[in-house]
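For reference, the structure discussed in these notes is given below.
We did not get these values from a lab; they are worked out from the coordinates using the rules stated. Keep in mind that what you see is a predicted model, and the values were worked out from it rather than measured. Neighbour counts run over all protein chains shown; Cβ positions are idealised from the backbone, glycine included.
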Amino acid sequence: MTLGALIGAYQEDSAGSLAALQPLAGRTLIEYQARCAAAAGAAPVVVLVETVPVALATAFERLRAEGVSVVPVTDGNEAASRFEPHAHILQMADGIAPAMALVERVVTTGERCVATVPDDEAHHQFERIDNEHRWAGLALVDAATLSSTAAMLGDWDLQSTLLRRTIQAGAVPIPVSEGLTPFLVTQSADPQAFDRHLLLASRRARRDWPSRYVFPIVEDFSTEQLMRSPVRPSWLMTGALVLTLAAALSFTRGWHWPSLAMLLIASPLDLVAERLSQLRMQPLPTGLWTRRLLWPAGGLALLGLGWFEARHGGGWGAMASALAAIAFAEAQRLEGLGRGALPFETWLFGWRPAVLAAVPFAAFGWWTALLPFLAVYAAASFFLVQHWVHRVQHN
């Protein structure tokens, strides 16, 4: 299923300027929105705008120079014609600057959905959906709904009408946690407040206990040191992958402590890369191959440890435990795919939790005992996720 994006850029502030042209960290809001959509895999990125002023045309040229396929359109019918008939479309509201983590969550749902915030005083500037919810500015719609909405639209507002028709068609509500609430860009918005918003959102988006409770200090220090350096976030992702693969090879040679040290160094690198990419307003692509390979590379490291221990006193149980941990971890990942945040996900098995859990075992030299522990940890995590998913489905 192909993915496109539809961004509104027609609302004006009190001075008559487009909200889409409001500055954020030296660039414009529309550039940040388009980069987020492109990083999530959307193409084309269609921008609905009544007229294209010079400043907006200049922003479009900068985006095209970066490889972002941005297409300006002036009405709903033209917008609908730009997408394939069965495409999914990421709808992004005018004036909204979402955290990349929220964009990814909406896109990976894979079905019609609407991001929502509570209908309370703290979110009064967001568009109301009903008596309990307001729209957080992101939705995943389908091309058929967009086409039918544009055909019957007349003088109505496409953004709001498309949203309501998507909800009526049975869209899944995606409650947004406070830390991921999109930033509303207005004429009086403080660009530094947006930077603080991105930092807070990226920190609260962490989904495992090491990244929430162990690595924040390392992450903050590293980000501060690298912010003004020429180091690219993609280099850090590559470094994490190379270190993990090197650790897998070292485990097979019996160099356990150097292997664990490399894994500990690699563990926060992807977090720092994400933080840098957000501060530089160039979100890392969702399908970045180095990020996709980190998970299987971690599995190879566990396999390397199991293989060595099986040949040096651990017997077949060491290898069986390593394979079981990998299998349960992948089953857990697939079971929770597209489910959003789980109430207990902080404590589930994962790449970073496995590395940190290995430290006390390594301190006492219990490398063989580590493997069945990780297998039990992964199995318990899988069954917890499975139980929660099936309970929600039945309810």
Original post:
How compact and how long is the chain, expressed as Rg and Dmax of its alpha-carbon atoms in Å?
Top reply: 23.0, 76
Original post:
Among Leu21, Phe349, Ala150, whose Cα lies farthest out toward the positive end of the dipole of the chain, if unit charges sit on the beta carbon of Lys, Arg (+1) and Asp, Glu (-1)?
Top reply: Phe349
**OP:** Mind ranking 311-318, 370-377 by how tightly packed they are, going by the mean number of other C-beta atoms within 10 angstrom, highest first?
**Re:** 370-377, 311-318
**OP:** On a C-alpha basis, how far is the centre of the range 268-321 from the centre of the range 37-116 in Å? Whole number, if you could?
**Re:** 32 Å
Original post:
Between Ser69 and Trp295, what is the label-to-label distance in nm when each label sits 7 Å out along the Cα-to-Cβ direction?
Top reply: 2.5 nm
**OP:** Kindly express, to the nearest 10 degrees and within the range 0 to 90, the angle between helix 54-65's C-alpha long axis and the longest C-alpha principal axis of the chain.
**Re:** 30 degrees
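To the nearest 20 debye, what is the magnitude of the charge dipole of the range 91-188 about its Cα centre, counting +1 on the Cβ of each Lys and Arg and -1 on the Cβ of each Asp and Glu? Could the numbers behind the result be given before it?
Numbers: 6 positive and 13 negative charges, 52 e Å.
So the dipole magnitude of the range 91-188 works out to roughly 240 debye.
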**OP:** Please determine, in degrees from 0 to 90 and to the nearest 10, the orientation of helix 256-266 with respect to the longest principal axis defined by the Cα atoms of the chain, where the helix direction is its Cα long axis.
**Re:** 10 degrees
**OP:** Taking the chain as the reference, fit the longest principal axis to its C-alpha atoms, fit the long axis of helix 233-252 to the helix C-alpha atoms, and give the angle between the two in degrees, 0 to 90, nearest 10.
**Re:** 20 degrees
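Looking at the square roots a ≥ b ≥ c of the eigenvalues of the Cα gyration tensor of the range 211-394, which shape do they give, rounded for a/c under 1.5, prolate if a/b is larger than b/c, or oblate?
On the way: a/c = 2.02, a/b = 1.20, b/c = 1.68.
Cα axes put the range 211-394 in the oblate bin.
For the chain, give me the percentage of DSSP beta bridges that are antiparallel, rounded to the nearest 5 percent. Show your work: numbers first, answer last.
Numbers: 16 of 33 bridges.
Counting only bridges with both partners in the chain, antiparallel ones make up about 50 percent.
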**OP:** Could you give the size of the charge dipole of the chain about its Cα centre, using +1 on the Cβ of each K and R and -1 on the Cβ of each D and E, expressed in debye and rounded to the nearest 20?
**Re:** 1480 debye
Subject >> Binned Cα-Cα distance frequencies in the range 64-105 - 5 Å width, integer % >> reply: 5, 14, 19, 26, 25, 10, 0
Original post:
At what distance in nm do the modelled label points of Arg62 and Phe364 sit from each other, each positioned 7 Å from its Cα along Cα→Cβ?
Top reply: 5.7 nm
Original post:
Say each of His312 and Glu121 gets a label point 7 Å from the Cα, pointing the same way as Cα to Cβ; how far apart are those two points in nm?
Top reply: 6.4 nm
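So in the range 3-193, what percent of DSSP beta bridges are antiparallel if you round to the nearest 5?
On the way: 16 of 33 bridges.
The answer is about 50 percent antiparallel.
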